[in-house]
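Here the structure is laid out as structure tokens; the discussion comes afterwards.
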Amino acid sequence: MPDPSAPVAFVTGGTGFVGSHLVEELLGRGVAVRALVRSDPKWLAGLDVETIPGDLHDADALRRGVYGATLVAHVAGLTRARTQAPLDRANVDGTRAVLDAVRESGGAPRVLVTSSLEAMGPNRVGPNGLAVPATEADVPQPVSMYGVSKARMEDAVRREFSDLGVTVVRPPAVYGPREADLHEMVKGAARGLFPIVGRADVPRVSMVYVADLVRGMADLAEAPDAAGETYFVGTRGYSWAEVRAAVEAAVGRKTVAVPIPGRVIGAVGALAERVGGLFGTLPPLTADKAEAARHAWVCSSEKAAESVGYAPRVGLAEGFARTVAWCRQHEWL
């Protein structure tokens with residue numbers, strides 16, 4: 001049973017990839033956790049967590065969740081859809097619903113909302129031809145429907161809920177145990193293939209191991225000075241050659257690089273989406289996601305480092321080794 005004197009966190013999205021790891025991080029810090037659960041507890045099964053049945057549009061469930069909470073961590077969201085409307089309903093309206101419940105309850109001491117690097121948009125290119133890492137001072141220019149929905153969410157947080165002192169966290173690409181989309185890249189490597197969009201030898205993507213991300217999120221949730229601020233919590237930029245080497249080492253085999261020119265990745269995504277539609281599914285690489293894949297996505301985490309001493313502890317090789325080991329243990333590979 002939870003310690004009745006322990007601080008209480010209400011977590012949305014706790015059954016998902018990042019959310020379940022955040023729940024474990026909070027439990028490890030002695031925080032009692034309530035989680036919003038639609039039906040299946042998934043990764044929360046067996047954990048000492050109070051579940052609140054409902055979803056982001058269930059006002060009664062949200063009120064029960066936030067009541068007496070010392071932290072509200074809103075991680076739930078939709079990452080892909082065929083049109084903009086479902087993304088906005090989940091990511092913009094769903095966030096409003098959570099924050100409305102917080103305000104009606106009198107306000108939790110701390111509120112954390114998870115956004116994405118895609119809300120900022122891709123990197124601009126410097127005179128040297130390399131991506132200039134995004135910082136929190138940059139003006140958002142999202143290029144994907146998902147990024148637009150997250151940028152609209154952030155705008156609503158700033159304009160409508162400034163009184164709550166919300167901390168917004170923007171992760172880059174997140175990988176680790178339980179992640180399903182980048183897992184497709186690992187599965188391809190296990191079969192000997194590694195797709196590369198654009199140049200393989202220059203930094204194009206920040207990738208953060210999930211344990212580093214949730215530790216940074218929890219640290220920011222505990223830092224009074226982080227209230228009302230926005231943070232990237234990620235890593236330096238990696239080239240696809242570095243990612244490929246780490247994945248090859250993890251799966252234990254060499255791969256054949258499959259170059260995909262940026263000008264055709266959109267067509268690849270559109271085809272994958274049409275094929276998925278025949279089976280009633282939406283693949284990880286949709287036309288929208290393919291548009292994002294054309295660009296470089298690198299961010300600076302210096303602000304988080306200055307605020308809470310954030311620094312990633314798990315390198316790319318170790319992170320993929322852990323991920324592949326977990327996938328094999330759970331028969332994902």
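A few comments on the model shown:
- Residue order, fewest to most surrounding Cβ atoms within 10 angstrom, among His57, His295: His57, His295
- Taking 20 Å as the cut-off, the amide N atoms of region 49-86 that come nearer than this to a point 7 Å along the Cα-to-beta-carbon line of Arg103 belong to 56-76.
- Fraction of beta bridges assigned by DSSP in the chain that are antiparallel (%, nearest 5): 10
- Ordered by the number of other Cβ atoms lying within 10 Å of each residue's own Cβ, fewest first, Lys254, Lys42 fall into the sequence Lys254, Lys42.
- Cα-projected label distance for Ala85 with Glu160, points at 7 Å along beta-carbon direction, nm: 1.9
- Between Arg96 and Glu331, the FRET efficiency from the beta-carbon distance, with R0 = 30 Å, is close to 0.15.
- Contact order for the chain, expressed relative to its length and based on alpha carbon pairs under 8 Å spaced 6+ residues apart, stands at 18 percent.
- Long-range tail of P(r) for the chain (Cα pairs > 33 Å, %): 24
- Nearest 10 degrees, 0 to 90: helix 240-251 Cα axis against the chain principal axis: 80
- Computed FRET value (nearest 0.05) for Ser39 with Ala200, which takes r as the C-beta separation and R₀ as 41 Å: 0.45
- Packing-based exposure ordering (other Cβ within 10 Å, fewest first) of Trp240, Trp332: Trp332, Trp240
- Computed from Cα positions, the angle between helix 145-160 and the longest principal axis of the chain comes to roughly 30 degrees.
- For the chain, the longest principal axis of the C-alpha atoms and the axis of helix 316-329 are separated by about 80°.
Only the coordinates and a few stated rules stand behind these numbers; no lab work does. Keep in mind it's a predicted model, so treat the numbers as computed, not measured. Please note: Cβ atoms are built from the backbone with ideal geometry, for glycine as well, and neighbour counts cover all protein chains shown.
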